[in-house]
Structures are given as C-alpha cells and as structure tokens.
Amino acid sequence: MGMTMTQKILAAHAGLDSVRAGDLIEAKLDLVLGNDITTPVAITTFDQAGFTKIFDKDKIAIVLDHYTPCKDIKSAQLCDQARKFAKRFGITHLYDVGTVGIEHALLPEKGLTAPGELIIGADSHTCTYGALGAFSTGVGSTDMAAGMAMGENWFKVPSAIQVVLKGSLRPFVSGKDVILHLIGEIGVDGALYQSLEFTGEGVASLSMDDRFTIANMAIEAGAKNGIFPVDDKTIAYIEGRVNRPYTVYEADADAEYTRTVVIDLDQLEPTVSLPHLPSNTKTIGEAAGLPIQQAVIGSCTNGRISDLRAAAEVLKGKKVADGVRCIVIPATQAIYLEAIHEGLVDIFIEAGCAVSTPTCGPCLGGHMGVMCEGERAVTTTNRNFVGRMGHVKSEVVLASPAVAGCLADPRG
C-alpha cells in the first residue's frame, strides 16, 4: 500500500522506509515554534524537566506576536521570560517588537519553513506550512519543551482525506471561501486527527496566499495537518527565501484515503461562517443584512499583502459605515511596508480604518479589538467560538478580506 505526502514526510523523519495510519513513531524535527503565550509555559516545563541545553539554536523560533507591544504587566512578564530564555541559549530566531510578525505569516516569509520539513509549533495554526508541502502541526507546550531539548517528538501517523480541487476561483472568491466551504461540508470534526491532502488541477489556480489560508484552517475541521503538493508556484515562493536543501514528496498513486471530497472552484461563492462554529457557513447572499459593530482584516489566516489589496479594492474611495470600527492588521513588518508603498494604508486611513502594528491581539480577544456584550464583528480570522473576541455574548462572523471590507461599508 502506498503512502500519502504526510506519511512519506513522517517516515523519512523517523528513519523508516514506510509508515501506516495509526503507527506510533519518533521523528526528528526541522523547526520548533512558540509564541509569547505558549513559550513561557514550555520554558517552565523545560526547566522543571532538568534540561540544560537545546538541540539546535537555529531550529527554534520564538515569535512574540499575541500581546506585543505588551498590553499589561502579565504579558510583559511572559515576554521577558521568553527573551531571557532566547538569550540564555543564543536562539537565532527571536522576533520581538519592531521585527515581529504574526508567526504563521512571518516564518514562511523568513524562509524558516520549506517543502518536506517536519515542523511543530505550540500554536494550533502551525498547520499553515502545509501550503509549502511540509508536515506541520500544532502541539502543546510540553511537547514544545521536549522538542526544544531533544529535537524529536512522538507522532501518531494520521490517515488522510483527499480534497480534489477542480476549476479555478472567480473574482472576489479566495482561499478563505474554499476552506470555509470545506469546513461547512465536512464539519469541525470531519477530519479529526487526519491529514487534509489537497490535490487536483484546481490547485494550480490557487495563489500561495490562498494555500496558506486553506492550510491554516485545516485545524478548524479537526485535521492534524493540511498539505498541498509542491509545484512551480511553491518553488517560486521559496526561491530567495530558503537557502538550504529540501525534499519534495509526492503521494503514491495507490495512497489510501478514508474519503474523497471534490470542490468545484468555479461554483464557489463568497462564503461566511456565522456564530458560533466555523462550520456554520452561508453564502454572502444568505447572510446579507446582518448588522455589525466591528470589522477586523488581518490575522495569521488573512493578513498577507494580497488580503490587504483585496480589502483596499472594496474600500477605496469609501467610508467605513457609521457605528462600525474597522481594524486593519498587516501580518508582518515587510507586509506593512509594502502596504505603505502601494498606498493601501492611505486607502484604509482615508476610509476611516485603524491600522495596527502586526499582532494576533483581536483574534483571541486579547487586545486591539476586544468586543463588549451584544457586539458582532466580521473578521478574517479563523475562529468564531463563544467569547472568542471578547464578551461571551458577543458574536464573530468569519469572512474573506473582500467580504469583510464590503461589510465594513455595506453602502458600497
């Protein structure tokens, strides 16, 4: 029996000729990631376990992106703990205020993720790097501590769902609409501890930013990871970023999948997820007329330059509606600069938006956009659970940047 892409990567990193779904393996890691919330917990575990060294100072990344610039004393203490740990061990990749970006946009931009690699991160959306043909998955802070010390982790080999993409996206339809549609079809536990493996001729029509968005939200269907084949667009993206050897893996023709889901990209419409689950999907037409008090354009899901361009296209020459707060968050400093150079920041500010330094803040109800009771936001983030962006009686609607921009100014 053949192997999927995910299974081939896991087998290679475990030093095995083959693996099958359900196997327990110990595999070597190419990168360990933590942020300002999860890294301090991992550091405490690391010290309590008696570890005195890390496996590789160049293969650990600490990104202080959730609460920085620090919103309060507690977050400042957590960041201080992470900074001191990075200094203690000479960790190369510490990203702090002024250099920080939202981790899952920053690491690919910096060339820290590459095809065929095995990456863990103490953040559930670490599955983003499957867009590059890597196996990447979120883990707990205990696993992060062990990974930093040993450079290895235990894994249960996942089975896989094949997602066949046909056709190509229409204007104003994006990767966000693809993944929301998929989650709406299979449910938030439809891929529980499985790999979502994207195939078909439709993959070629997706931009890398579309693929990052889709892989990022694989976890919202319960998946262990999401992964795309490596093609010319992938190679073009990593060229000039990745300066080390990498391996491209392809699924075997006889790879085994638990099911196959077919999505015709030509037929997709702009899609939103209504409260309080990502699977509660409707087309934009079905959700029209829903009043909002806030719009957030950014996050590890949709804060890249193409996302900002899409939002700016619909906001140009318009004004954010009365009673609506629109917050725009470029995902990295480089994206922020590019948005300035392209005039996108001018468009946002002239429309009445607030433009923020890179942060995850509003996505988890941390800062820069916390809602009170009774408020509703349309946001390009990835979760709309009860209380996700503030009060338990607030609501979150997930959408693409184009849709969020339209809803910020429903008159447009």
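Miscellaneous remarks
- Out-of-range pairs (alpha-carbon distance over 32 Å; input 28/71; 74/319; 59/156; 166/282; 53/110; 166/224): 28/71; 74/319
- Protein heavy-atom accessible surface, 1.4 Å probe, per residue over segment 114-158: 20 Å².
- Less than 5 angstrom separates the built amide H of residue 112 from none of the residues sequence-distant by 5 or more or on a different chain.
- Residues whose placed amide H lies under 5 Å from that of residue 163, excluding near-sequence neighbours: 197, 198, 199, 261
- Per atom type, the chain shows carbon and sulfur on 52% of its accessible surface, probed at 1.4 Å.
- Accessible area (Å², 1.4 Å probe, nearest 10) - residue 309: 100
- Measuring r between the beta carbons of residue 80 and residue 185 and using R0 = 60 Å, the FRET efficiency lands at 0.85.
- Label-to-label distance, nm, for residues given as residue 47 and residue 28 (7 Å Cα→Cβ offset): 3.1
- Shape category assigned to segment 1-51 from the gyration tensor of Cα positions, a/c cut at 1.5: prolate
- Rounded to the nearest 20, the Cβ-based charge dipole of segment 190-259 about its Cα centre (Lys and Arg +1, Asp and Glu -1) stands at 320 debye.
- Considering only 263, 106, 3, the residue lying farthest towards the positive end of the dipole of the chain is 106, judged by Cα position with unit charges set on Cβ.
- Every helix of 4 or more DSSP H residues in the chain counts as -39500 (n - 2.57), and over all residues that averages to -8500 deg cm²/dmol at 222 nm.
- Relative contact order of the chain, taken over Cα pairs closer than 8 Å and 6 or more residues apart, is 17 percent.
- For the chain, modelled as a GNM whose springs connect Cα atoms under 10 angstrom apart, the maximal fluctuation among 360, 70, 79 occurs at 70.
- Whether the chain is rounded, prolate or oblate, judged on the alpha carbon gyration tensor where a/c under 1.5 counts as rounded: oblate
- Once the C-beta distance of residue 156 and residue 73 is scaled by a Förster radius of 35 Å, the resulting FRET efficiency is 0.30 to the nearest 0.05.
- Amide H contacts of residue 326 (H built 1.01 Å from N, in plane; Pro and chain starts excluded): 295, 354 sit under 5 Å, all sequence-distant by 5 or more or on other chains.
- Cβ-placed point charges (K, R +1; D, E -1), dipole of the chain about Cα centre in debye, nearest 20: 900
- Net charge of neighbours whose Cβ lies under 13 Å from the Cβ of residue 180, counting Lys and Arg as +1 and Asp and Glu as -1: -3
- Packing here is the average count of other Cβ atoms within 10 Å per residue, and on that basis the peptides 318-324, 47-53, 266-272, highest first, run 266-272, 318-324, 47-53.
- Seen through its C-alpha gyration tensor, with square-root eigenvalues sorted a ≥ b ≥ c, segment 208-258 comes out oblate because a/c lies at 1.5 or above while a/b is not bigger than b/c.
- FRET efficiency for residue 193 and residue 346, using Cβ-Cβ distance with R0 set to 41 Å, rounded to 0.05: 0.35
- Fully extending the segment from residue 239 to residue 99, taken as 0.36 nm per residue of separation minus the present Cα-Cα distance, adds 48.2 nm.
- Unit charges at the beta carbon, dipole of segment 290-412: most positive-side option, 308, 341, 390: 390
- Dipole magnitude of segment 303-412, debye to nearest 20 (Cβ charges: Lys/Arg +1, Asp/Glu -1, about Cα centre): 240
- Of interest is the spacing of the C-alpha centroids, which for segment 172-224 and segment 344-412 amounts to 22 Å.
- In terms of the mean number of neighbouring beta-carbon atoms within 10 Å, the peptides 393-401, 202-210 order highest first as 393-401, 202-210.
The values are calculated or read from the model by the stated rules, or taken from the named source; none is laboratory data. Everything quoted here is computed from the prediction, not taken from an experiment. Cβ coordinates were reconstructed from backbone atoms using ideal geometry, including for glycine residues, and neighbour counts include every protein chain displayed. SASA here: full protein model, heavy atoms, side chains in, ligands and nucleic acids out. Shrake-Rupley method; radii C 1.70, N 1.55, O 1.52, S 1.80 Å.
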